[in-house]
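Undergrad: What follows is a single structure, and I will ask about it in a moment.
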Amino acid sequence: MAKTMLEVKNLTTYYKTRMGEKVCSVDNVSFTLADGKSIGIAGESGCGKSTLAMSVMGYYFPPLYYEGGSIIIDGKEITSLDPDTIRTTVLGTDIAYIPQAAMNALNPSRKIIRFIEDVLKAHDSALSKKEMRELAEERFNILNLPSKVLDQYAVELSGGMKQRTVIAISTILSPKVLIADEPSSALDVSSQKIVIQLLHDLMEKGIVHSMLFITHELPLLYNVTNDIMVMYAGEIVERGTAHEMVFDPIMPYSRGLMNSIIVPEEGTRGHVLQAIPGVPPNLKIRPRGCRFAERCRYADETCRTLAVQELPATAGRLYRCRHTLEELYKIYEDELPSLLDEDTGTSGKASPGGVK
Ligand SMILES: Nc1ncnc2c1ncn2[C@@H]1O[C@H](COP(=O)(O)OP(=O)(O)OP(=O)(O)O)[C@@H](O)[C@H]1O
Ligand SMILES: [Mg+2]
(Lines give C-alpha, C1' and ligand atoms only; values in the text may rest on other atoms or scores of the structure.)
(Ligands and ions follow the chains in the order given, each with its own letter.)
Protein backbone atom coordinates (compact mmCIF):
# COMPACT_ATOMS: atom_id res chain seq x y z
CA MET A 1 0.00 0.00 0.00
CA ALA A 2 1.29 3.47 -0.90
CA LYS A 3 2.38 5.57 2.05
CA THR A 4 0.26 8.51 3.17
CA MET A 5 1.77 11.72 1.82
CA LEU A 6 -0.73 14.14 3.37
CA GLU A 7 -2.93 13.61 6.39
CA VAL A 8 -5.31 16.36 7.44
CA LYS A 9 -7.10 15.81 10.74
CA ASN A 10 -9.95 17.95 12.08
CA LEU A 11 -8.55 21.07 10.43
CA THR A 12 -10.55 24.18 11.26
CA THR A 13 -9.73 27.67 10.00
CA TYR A 14 -11.74 30.87 9.76
CA TYR A 15 -11.78 34.34 8.27
CA LYS A 16 -12.13 37.32 10.57
CA THR A 17 -14.19 40.05 8.92
CA ARG A 18 -13.52 43.74 9.41
CA MET A 19 -16.44 43.77 11.84
CA GLY A 20 -14.60 41.12 13.90
CA GLU A 21 -16.99 38.30 12.98
CA LYS A 22 -15.72 34.75 12.37
CA VAL A 23 -16.55 33.03 9.09
CA CYS A 24 -15.68 29.36 9.54
CA SER A 25 -14.80 28.38 5.97
CA VAL A 26 -12.96 25.12 6.75
CA ASP A 27 -14.66 23.23 9.53
CA ASN A 28 -13.25 20.05 11.04
CA VAL A 29 -11.96 18.72 7.73
CA SER A 30 -10.16 15.35 7.67
CA PHE A 31 -8.75 13.38 4.74
CA THR A 32 -5.68 11.52 3.56
CA LEU A 33 -3.81 11.64 0.26
CA ALA A 34 -1.53 8.74 -0.68
CA ASP A 35 1.84 9.00 -2.43
CA GLY A 36 1.38 8.90 -6.20
CA LYS A 37 -2.33 9.73 -6.00
CA SER A 38 -4.50 12.72 -6.78
CA ILE A 39 -7.76 13.91 -5.28
CA GLY A 40 -10.16 16.31 -6.94
CA ILE A 41 -12.07 18.76 -4.78
CA ALA A 42 -15.44 19.83 -6.14
CA GLY A 43 -18.24 22.03 -4.91
CA GLU A 44 -20.19 25.16 -5.67
CA SER A 45 -18.59 28.58 -5.69
CA GLY A 46 -18.00 29.78 -2.13
CA CYS A 47 -18.10 26.31 -0.53
CA GLY A 48 -14.51 26.75 0.72
CA LYS A 49 -12.29 24.98 -1.82
CA SER A 50 -9.67 27.73 -2.06
CA THR A 51 -9.78 28.31 1.69
CA LEU A 52 -9.14 24.61 2.24
CA ALA A 53 -6.19 24.81 -0.16
CA MET A 54 -4.70 27.77 1.71
CA SER A 55 -5.41 26.16 5.07
CA VAL A 56 -3.68 22.90 4.14
CA MET A 57 -0.43 24.80 3.52
CA GLY A 58 -0.33 25.72 7.21
CA TYR A 59 0.81 29.26 6.40
CA TYR A 60 -1.75 31.71 7.71
CA PHE A 61 -2.02 35.44 7.45
CA PRO A 62 -4.99 37.76 8.08
CA PRO A 63 -7.84 37.56 7.46
CA LEU A 64 -7.34 33.75 7.52
CA TYR A 65 -6.68 32.20 10.96
CA TYR A 66 -5.96 28.73 12.27
CA GLU A 67 -8.27 27.37 14.93
CA GLY A 68 -7.33 23.71 15.33
CA GLY A 69 -6.42 20.36 13.79
CA SER A 70 -3.30 18.88 12.27
CA ILE A 71 -1.58 18.73 8.89
CA ILE A 72 0.98 15.97 8.49
CA ILE A 73 3.06 15.92 5.30
CA ASP A 74 5.15 12.80 4.80
CA GLY A 75 5.19 12.23 8.56
CA LYS A 76 5.96 15.87 9.49
CA GLU A 77 3.40 17.81 11.54
CA ILE A 78 3.48 21.37 10.21
CA THR A 79 0.87 23.21 12.29
CA SER A 80 3.31 23.39 15.23
CA LEU A 81 5.98 25.14 13.11
CA ASP A 82 6.35 28.92 13.17
CA PRO A 83 5.48 30.85 9.98
CA ASP A 84 9.12 31.57 9.08
CA THR A 85 10.06 27.88 9.32
CA ILE A 86 7.04 26.98 7.21
CA ARG A 87 7.94 29.57 4.59
CA THR A 88 11.56 28.45 4.31
CA THR A 89 11.34 24.69 4.87
CA VAL A 90 7.82 23.57 3.95
CA LEU A 91 6.48 25.75 1.14
CA GLY A 92 7.67 24.68 -2.28
CA THR A 93 9.28 21.43 -1.10
CA ASP A 94 6.72 19.70 1.12
CA ILE A 95 3.73 21.49 -0.34
CA ALA A 96 3.24 23.91 -3.24
CA TYR A 97 0.13 25.85 -4.08
CA ILE A 98 -0.88 27.27 -7.44
CA PRO A 99 -3.52 29.83 -6.45
CA GLN A 100 -6.67 30.45 -8.44
CA ALA A 101 -5.89 32.91 -11.28
CA ALA A 102 -2.16 32.77 -10.44
CA MET A 103 -1.17 33.34 -14.06
CA ASN A 104 -2.73 36.80 -13.96
CA ALA A 105 -0.68 37.71 -10.90
CA LEU A 106 2.75 37.43 -12.58
CA ASN A 107 4.48 40.80 -12.48
CA PRO A 108 4.57 41.80 -16.19
CA SER A 109 7.84 43.72 -15.86
CA ARG A 110 9.96 40.73 -14.80
CA LYS A 111 11.41 37.95 -16.90
CA ILE A 112 10.18 34.42 -16.09
CA ILE A 113 13.64 33.31 -14.94
CA ARG A 114 13.45 35.91 -12.12
CA PHE A 115 10.40 34.20 -10.59
CA ILE A 116 12.21 30.88 -10.66
CA GLU A 117 15.27 32.44 -9.05
CA ASP A 118 13.06 33.82 -6.26
CA VAL A 119 11.69 30.36 -5.45
CA LEU A 120 15.08 28.63 -5.64
CA LYS A 121 16.87 31.32 -3.60
CA ALA A 122 14.27 31.20 -0.83
CA HIS A 123 15.10 27.52 -0.50
CA ASP A 124 18.88 27.64 -1.00
CA SER A 125 20.51 31.07 -0.89
CA ALA A 126 23.90 29.64 -1.91
CA LEU A 127 22.78 28.83 -5.46
CA SER A 128 24.48 30.91 -8.15
CA LYS A 129 22.59 32.48 -11.06
CA LYS A 130 24.24 29.99 -13.41
CA GLU A 131 23.15 27.02 -11.29
CA MET A 132 19.61 28.36 -11.11
CA ARG A 133 19.52 28.86 -14.85
CA GLU A 134 20.70 25.28 -15.41
CA LEU A 135 18.06 23.92 -13.04
CA ALA A 136 15.33 25.94 -14.75
CA GLU A 137 16.42 24.85 -18.24
CA GLU A 138 16.62 21.22 -17.20
CA ARG A 139 13.12 21.32 -15.73
CA PHE A 140 11.66 23.10 -18.76
CA ASN A 141 13.24 20.45 -21.00
CA ILE A 142 11.79 17.59 -18.97
CA LEU A 143 8.36 19.21 -19.20
CA ASN A 144 8.64 19.95 -22.93
CA LEU A 145 8.42 23.69 -22.34
CA PRO A 146 10.56 25.91 -24.60
CA SER A 147 13.46 27.30 -22.55
CA LYS A 148 13.29 30.63 -24.45
CA VAL A 149 10.26 31.35 -22.21
CA LEU A 150 12.73 31.89 -19.34
CA ASP A 151 13.86 35.12 -21.00
CA GLN A 152 10.39 36.34 -21.85
CA TYR A 153 7.97 38.51 -19.90
CA ALA A 154 4.57 37.23 -18.78
CA VAL A 155 2.80 39.64 -21.15
CA GLU A 156 4.51 38.00 -24.11
CA LEU A 157 3.01 34.58 -23.31
CA SER A 158 -0.36 33.18 -24.36
CA GLY A 159 -2.80 32.24 -21.59
CA GLY A 160 -2.02 28.54 -21.91
CA MET A 161 1.75 29.07 -21.93
CA LYS A 162 1.49 31.47 -18.98
CA GLN A 163 -0.36 28.86 -16.94
CA ARG A 164 2.12 26.11 -17.86
CA THR A 165 4.92 28.46 -16.86
CA VAL A 166 3.25 29.20 -13.51
CA ILE A 167 2.95 25.46 -12.90
CA ALA A 168 6.63 24.93 -13.78
CA ILE A 169 7.68 27.76 -11.42
CA SER A 170 5.51 26.47 -8.56
CA THR A 171 6.86 22.94 -8.85
CA ILE A 172 10.54 23.77 -9.42
CA LEU A 173 11.38 22.35 -5.94
CA SER A 174 9.57 19.05 -6.68
CA PRO A 175 6.91 19.26 -3.94
CA LYS A 176 5.55 16.21 -2.15
CA VAL A 177 2.06 17.68 -2.41
CA LEU A 178 0.85 20.04 -5.13
CA ILE A 179 -2.40 21.93 -4.75
CA ALA A 180 -3.66 23.25 -8.08
CA ASP A 181 -6.60 25.61 -7.62
CA GLU A 182 -8.71 25.86 -10.80
CA PRO A 183 -5.57 25.57 -12.98
CA SER A 184 -7.44 25.32 -16.24
CA SER A 185 -10.70 27.18 -15.64
CA ALA A 186 -9.78 30.38 -17.49
CA LEU A 187 -8.38 28.59 -20.55
CA ASP A 188 -9.78 27.50 -23.90
CA VAL A 189 -10.38 23.79 -24.39
CA SER A 190 -7.11 22.98 -26.18
CA SER A 191 -5.01 24.92 -23.63
CA GLN A 192 -6.91 23.12 -20.87
CA LYS A 193 -5.85 19.79 -22.32
CA ILE A 194 -2.21 20.84 -22.48
CA VAL A 195 -2.28 22.06 -18.88
CA ILE A 196 -3.89 18.82 -17.71
CA GLN A 197 -1.24 16.87 -19.63
CA LEU A 198 1.46 18.90 -17.88
CA LEU A 199 0.02 18.08 -14.44
CA HIS A 200 -0.15 14.45 -15.49
CA ASP A 201 3.50 14.54 -16.61
CA LEU A 202 4.56 16.10 -13.30
CA MET A 203 3.04 13.16 -11.43
CA GLU A 204 4.20 10.56 -13.95
CA LYS A 205 7.80 11.81 -13.86
CA GLY A 206 7.84 11.89 -10.06
CA ILE A 207 8.40 15.66 -9.93
CA VAL A 208 5.18 16.05 -7.94
CA HIS A 209 4.39 13.15 -5.62
CA SER A 210 0.70 13.72 -4.96
CA MET A 211 -1.89 16.30 -5.94
CA LEU A 212 -5.05 18.04 -4.83
CA PHE A 213 -6.86 19.38 -7.87
CA ILE A 214 -9.59 21.92 -7.27
CA THR A 215 -12.20 22.70 -9.85
CA HIS A 216 -15.89 23.25 -10.29
CA GLU A 217 -15.59 21.46 -13.63
CA LEU A 218 -16.42 17.93 -12.57
CA PRO A 219 -16.06 16.33 -16.00
CA LEU A 220 -12.42 17.38 -15.86
CA LEU A 221 -11.89 15.73 -12.47
CA TYR A 222 -13.30 12.50 -13.80
CA ASN A 223 -10.45 12.30 -16.31
CA VAL A 224 -7.69 13.63 -14.11
CA THR A 225 -7.90 12.45 -10.49
CA ASN A 226 -8.06 9.10 -8.72
CA ASP A 227 -10.57 10.23 -6.10
CA ILE A 228 -13.03 13.08 -5.75
CA MET A 229 -14.09 14.82 -2.54
CA VAL A 230 -17.16 17.02 -2.54
CA MET A 231 -17.12 20.06 -0.30
CA TYR A 232 -20.12 21.94 1.00
CA ALA A 233 -20.22 24.92 3.36
CA GLY A 234 -16.70 24.36 4.69
CA GLU A 235 -17.03 20.60 5.17
CA ILE A 236 -16.12 17.51 3.14
CA VAL A 237 -19.42 15.75 2.60
CA GLU A 238 -18.48 12.83 0.38
CA ARG A 239 -15.45 11.01 -0.96
CA GLY A 240 -15.06 8.16 -3.42
CA THR A 241 -13.21 7.16 -6.56
CA ALA A 242 -13.76 9.48 -9.52
CA HIS A 243 -15.99 6.86 -11.14
CA GLU A 244 -18.06 6.30 -8.01
CA MET A 245 -18.52 10.03 -7.48
CA VAL A 246 -19.59 10.76 -11.03
CA PHE A 247 -21.76 7.72 -11.64
CA ASP A 248 -22.94 6.80 -8.18
CA PRO A 249 -22.93 9.80 -5.85
CA ILE A 250 -24.54 9.07 -2.49
CA MET A 251 -25.16 12.43 -0.81
CA PRO A 252 -28.15 14.41 -2.07
CA TYR A 253 -25.79 17.39 -2.49
CA SER A 254 -23.24 15.42 -4.56
CA ARG A 255 -26.10 14.04 -6.62
CA GLY A 256 -27.37 17.55 -7.16
CA LEU A 257 -23.90 18.64 -8.31
CA MET A 258 -23.61 15.73 -10.74
CA ASN A 259 -27.11 16.37 -12.04
CA SER A 260 -26.17 19.95 -12.81
CA ILE A 261 -23.33 18.98 -15.17
CA ILE A 262 -22.90 16.97 -18.30
CA VAL A 263 -20.90 13.82 -17.62
CA PRO A 264 -18.57 13.10 -20.54
CA GLU A 265 -19.14 9.41 -20.94
CA GLU A 266 -21.51 7.17 -22.75
CA GLY A 267 -24.32 6.01 -20.58
CA THR A 268 -25.62 9.44 -19.65
CA ARG A 269 -27.74 9.99 -22.71
CA GLY A 270 -31.00 11.71 -21.97
CA HIS A 271 -29.58 13.03 -18.69
CA VAL A 272 -31.67 16.00 -17.56
CA LEU A 273 -29.69 18.94 -16.20
CA GLN A 274 -31.03 20.26 -12.89
CA ALA A 275 -29.79 23.15 -10.79
CA ILE A 276 -29.65 22.83 -6.98
CA PRO A 277 -32.27 25.21 -5.59
CA GLY A 278 -31.29 27.80 -2.96
CA VAL A 279 -27.89 29.05 -1.81
CA PRO A 280 -25.28 27.76 0.69
CA PRO A 281 -25.71 28.82 4.34
CA ASN A 282 -24.06 31.85 5.89
CA LEU A 283 -21.08 30.47 7.81
CA LYS A 284 -21.03 33.25 10.39
CA ILE A 285 -23.45 30.96 12.23
CA ARG A 286 -22.56 27.25 12.38
CA PRO A 287 -25.75 25.32 11.57
CA ARG A 288 -26.58 22.66 14.18
CA GLY A 289 -27.54 19.83 11.87
CA CYS A 290 -26.69 18.95 8.29
CA ARG A 291 -25.59 22.09 6.45
CA PHE A 292 -27.33 21.05 3.28
CA ALA A 293 -30.65 20.41 5.05
CA GLU A 294 -32.22 23.75 4.07
CA ARG A 295 -31.77 22.90 0.38
CA CYS A 296 -32.27 19.14 0.54
CA ARG A 297 -35.62 17.86 -0.66
CA TYR A 298 -35.28 14.78 1.54
CA ALA A 299 -34.44 16.58 4.79
CA ASP A 300 -36.67 16.49 7.84
CA GLU A 301 -36.53 18.21 11.22
CA THR A 302 -33.97 15.69 12.53
CA CYS A 303 -31.59 16.53 9.65
CA ARG A 304 -31.85 20.21 10.55
CA THR A 305 -31.13 19.72 14.25
CA LEU A 306 -29.07 16.57 14.74
CA ALA A 307 -25.30 16.92 14.28
CA VAL A 308 -24.02 14.64 11.52
CA GLN A 309 -21.01 12.46 12.28
CA GLU A 310 -17.67 13.80 10.99
CA LEU A 311 -15.93 12.00 8.13
CA PRO A 312 -12.88 10.12 9.43
CA ALA A 313 -9.43 10.84 7.96
CA THR A 314 -9.34 7.70 5.87
CA ALA A 315 -9.57 6.99 2.17
CA GLY A 316 -12.37 4.95 0.62
CA ARG A 317 -16.06 5.54 0.14
CA LEU A 318 -17.32 8.01 2.74
CA TYR A 319 -20.38 10.19 2.97
CA ARG A 320 -22.00 12.45 5.49
CA CYS A 321 -25.74 12.06 5.72
CA ARG A 322 -27.79 10.69 8.57
CA HIS A 323 -29.83 8.55 6.16
CA THR A 324 -28.63 5.01 5.58
CA LEU A 325 -27.49 4.01 2.13
CA GLU A 326 -30.56 1.82 1.73
CA GLU A 327 -32.87 4.72 2.59
CA LEU A 328 -31.12 7.00 0.11
CA TYR A 329 -31.19 4.50 -2.74
CA LYS A 330 -34.85 3.84 -2.08
CA ILE A 331 -35.57 7.58 -2.26
CA TYR A 332 -33.53 7.98 -5.44
CA GLU A 333 -35.12 5.02 -7.14
CA ASP A 334 -38.56 6.41 -6.40
CA GLU A 335 -37.95 10.07 -7.09
CA LEU A 336 -34.90 10.91 -9.19
CA PRO A 337 -34.05 9.94 -12.74
CA SER A 338 -30.91 7.80 -12.58
CA LEU A 339 -27.63 9.27 -13.74
CA LEU A 340 -27.03 6.03 -15.56
CA ASP A 341 -28.39 4.88 -18.82
CA GLU A 342 -30.36 1.81 -17.83
CA ASP A 343 -29.06 -0.07 -20.88
CA THR A 344 -25.40 0.09 -19.95
CA GLY A 345 -25.52 -0.85 -16.27
CA THR A 346 -22.06 0.65 -15.88
CA SER A 347 -22.23 1.15 -12.13
CA GLY A 348 -22.72 -1.13 -9.15
CA LYS A 349 -23.99 0.00 -5.77
CA ALA A 350 -21.58 1.79 -3.50
CA SER A 351 -19.94 0.22 -0.50
CA PRO A 352 -19.50 3.07 1.97
CA GLY A 353 -16.73 3.28 4.54
CA GLY A 354 -17.23 3.53 8.24
CA VAL A 355 -19.27 6.69 8.39
CA LYS A 356 -22.64 5.40 9.32
N1 LIG B 1 -11.05 37.34 2.85
C2 LIG B 1 -12.23 36.81 3.25
N3 LIG B 1 -12.90 37.29 4.31
C4 LIG B 1 -14.07 36.76 4.72
N5 LIG B 1 -14.66 35.71 4.11
C6 LIG B 1 -14.04 35.19 3.02
C7 LIG B 1 -12.80 35.70 2.53
N8 LIG B 1 -12.43 34.99 1.44
C9 LIG B 1 -13.41 34.06 1.25
N10 LIG B 1 -14.36 34.19 2.21
C11 LIG B 1 -15.58 33.37 2.36
O12 LIG B 1 -15.19 32.04 2.59
C13 LIG B 1 -16.07 31.15 1.89
C14 LIG B 1 -15.27 30.21 1.03
O15 LIG B 1 -14.64 30.95 -0.02
P16 LIG B 1 -13.64 30.24 -1.05
O17 LIG B 1 -13.03 31.31 -1.88
O18 LIG B 1 -12.73 29.34 -0.31
O19 LIG B 1 -14.66 29.37 -1.92
P20 LIG B 1 -14.38 28.53 -3.27
O21 LIG B 1 -15.07 27.22 -3.07
O22 LIG B 1 -12.94 28.52 -3.57
O23 LIG B 1 -15.18 29.36 -4.37
P24 LIG B 1 -14.87 29.55 -5.95
O25 LIG B 1 -15.35 28.29 -6.63
O26 LIG B 1 -15.71 30.72 -6.32
O27 LIG B 1 -13.42 29.78 -6.11
C28 LIG B 1 -17.05 32.03 1.14
O29 LIG B 1 -18.23 32.10 1.89
C30 LIG B 1 -16.37 33.34 1.06
O31 LIG B 1 -17.31 34.39 1.03
MG1 LIG C 1 -11.81 29.20 -5.13
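Undergrad: What part of the accessible area of region 170-246, given as a whole %, is carbon or sulfur when the probe is 1.4 angstrom?
TA: Details: 1210 of 2310 Å².
That fraction is 52 percent.
Undergrad: At 0.36 nm per residue, and after removing the present C-alpha to C-alpha distance, how many nm does the segment from residue 35 to residue 153 gain when stretched out fully?
TA: Working: separation 118, 0.36 × 118 = 42.48 nm, distance 3.48 nm.
Gain on stretching residue 35 to residue 153: 39.0 nm.
Undergrad: Given Cβ point charges of +1 (Lys, Arg) and -1 (Asp, Glu) and nothing else, what value in debye, to the nearest 20, does the dipole of region 77-132 about its Cα centre take? Before the final figure, lay out the partial values.
TA: Details: 7 positive and 8 negative charges, 100 e Å.
Dipole size: approximately 480 debye.
Undergrad: Go through 147, 93, 81 and say which Cα lies farthest out towards the positive end of the charge dipole of the chain; charges sit on Cβ, +1 for Lys and Arg, -1 for Asp and Glu.
TA: 81
Undergrad: What does the C-alpha gyration tensor say about the overall shape of region 141-208? Classify as rounded when a/c is under 1.5, otherwise prolate if a/b is larger than b/c, or oblate. Before the final figure, lay out the partial values.
TA: On the way: a/c = 1.67, a/b = 1.19, b/c = 1.41.
Here region 141-208 falls in the oblate category.
Undergrad: Roughly what would the spin-label model give for residue 17 and residue 302, points 7 Å off Cα along C-beta, in nm?
TA: It is 3.4 nm.
Undergrad: Set Lys and Arg Cβ to +1 and Asp and Glu Cβ to -1, take the dipole of the chain about its Cα centre, and tell me which of 258, 64, 194 lies farthest positive.
TA: 64
Undergrad: Can I ask one more? Let me spell out the model: positive unit charges on the Cβ of Lys and Arg, negative unit charges on the Cβ of Asp and Glu, origin at the Cα centre of region 130-247. What dipole size does that give, in debye rounded to 20? Kindly include the intermediate steps, with their values, before the conclusion.
TA: Values: 10 positive and 16 negative charges, 62 e Å.
Its charge dipole is roughly 300 debye.
Undergrad: Just how many % of Cα pairs in region 150-293 lie over 28 Å apart, if you round to the nearest whole percent?
TA: Working: 3148 of 10296 pairs.
The answer is 31 percent, as a whole percent.
Undergrad: With charges set only on the Cβ (+1 for Lys and Arg, -1 for Asp and Glu), what does the dipole of the chain come to about its Cα centre, in debye to the nearest 20? Present the calculation step by step, with values, prior to reporting the outcome.
TA: Details: 39 positive and 45 negative charges, 200 e Å.
Its charge dipole is roughly 960 debye.
Undergrad: How large is the Kirkwood hydrodynamic radius of region 1-115, in angstrom, based on all distinct alpha carbon pairs?
TA: Details: mean 1/r = 0.0641 Å⁻¹.
About 15.6 Å for region 1-115.
Undergrad: Moving to a separate point now. Before I look further, what does region 1-107 give for accessible area per residue, probe 1.4 Å, in whole square angstrom? Don't skip to the answer; put the middle values down first.
TA: Working: 4680 Å² over 107 residues.
Accessible area per residue, region 1-107: 44 Å².
Undergrad: Same structure again: As a quick test, which of the pairs 76/193; 16/176; 22/121; 9/76 have an alpha carbon distance above 25 angstrom in this structure? Present the calculation step by step, with values, prior to reporting the outcome.
TA: On the way: 76/193 34 Å; 16/176 30 Å; 22/121 36 Å; 9/76 13 Å.
Pairs exceeding the cut-off: 76/193; 16/176; 22/121.
Undergrad: How compact is the chain by the rule of thumb for globular proteins, expressed as Cα Rg over 2.2 N^0.38 Å?
TA: Working: Rg = 21.1 Å, N = 356, 2.2 N^0.38 = 20.5 Å.
Taking the Cα Rg and dividing by 2.2 N^0.38 Å, one obtains 1.03.
Undergrad: Using only the alpha-carbon atoms, how far is helix 112-123 inclined from the longest principal axis of the chain? Give it as 0 to 90 degrees, nearest 10.
TA: 80 degrees
Undergrad: Tell me, what is the 1.4 Å probe accessible area of residue 89, in Å² to the nearest 10?
TA: 60 Å²
Undergrad: From Cα pairs below 8 angstrom and at least 6 apart in sequence, can you work out the relative contact order of the chain, rounded to a whole percent? Provide the component values of the computation, followed by the final result.
TA: Working: 652 pairs, mean separation 70.5, N = 356.
Across the chain, relative contact order equals 20 percent.
Undergrad: If I ignore ligands, DNA and RNA and count only protein heavy atoms, how much of residue 24 is accessible to a 1.4 Å probe, in Å² to the nearest 10?
TA: 10 Å²
Undergrad: Which of the listed residues, 207, 246, 222, is farthest toward the dipole's positive end in region 205-249, when Lys, Arg count +1 and Asp, Glu count -1 at the beta-carbon?
TA: Going by the Cα projections, it comes out as 207.
Undergrad: A further question on this structure: Ranked from the most accessible area to the least, with a 1.4 Å probe and all protein chains present, what is the order of 70, 210, 158, 45?
TA: Working: 70 20, 210 0, 158 70, 45 110 Å².
The ranking, largest first, comes out as 45, 158, 70, 210.
Undergrad: Continuing with the same structure: Find the centroid of the Cα atoms in region 196-239 and in region 290-329, then give the distance between the two in whole Å.
TA: With region 196-239 and region 290-329 each reduced to a Cα centre, they are spaced 23 Å.
Undergrad: At q = 0.23, 0.24 Å⁻¹, what base-10 log of I(q)/I(0) does the Debye formula yield for region 33-97 when every alpha carbon is treated as an equal point scatterer in vacuo?
TA: Results for region 33-97 at q = 0.23, 0.24 Å⁻¹ read -1.14, -1.21.
Undergrad: Using a Gaussian network for the chain with springs between C-alpha atoms less than 10 Å apart, which of these wobbles most: 170, 125, 50?
TA: Of 170, 125, 50, the most mobile in the Gaussian network model is 125.
The values are calculated or read from the model by the stated rules, or taken from the named source; none is laboratory data. These numbers were taken from a predicted model, which means no experiment stands behind them. As a convention, Cβ positions derive from the backbone with ideal geometry for all residues, glycine included, and neighbour counts pool all protein chains shown. Keep in mind that these areas ignore ligands, DNA and RNA; they rest on the heavy atoms of the full protein, side chains included. Shrake-Rupley method; radii C 1.70, N 1.55, O 1.52, S 1.80 Å.
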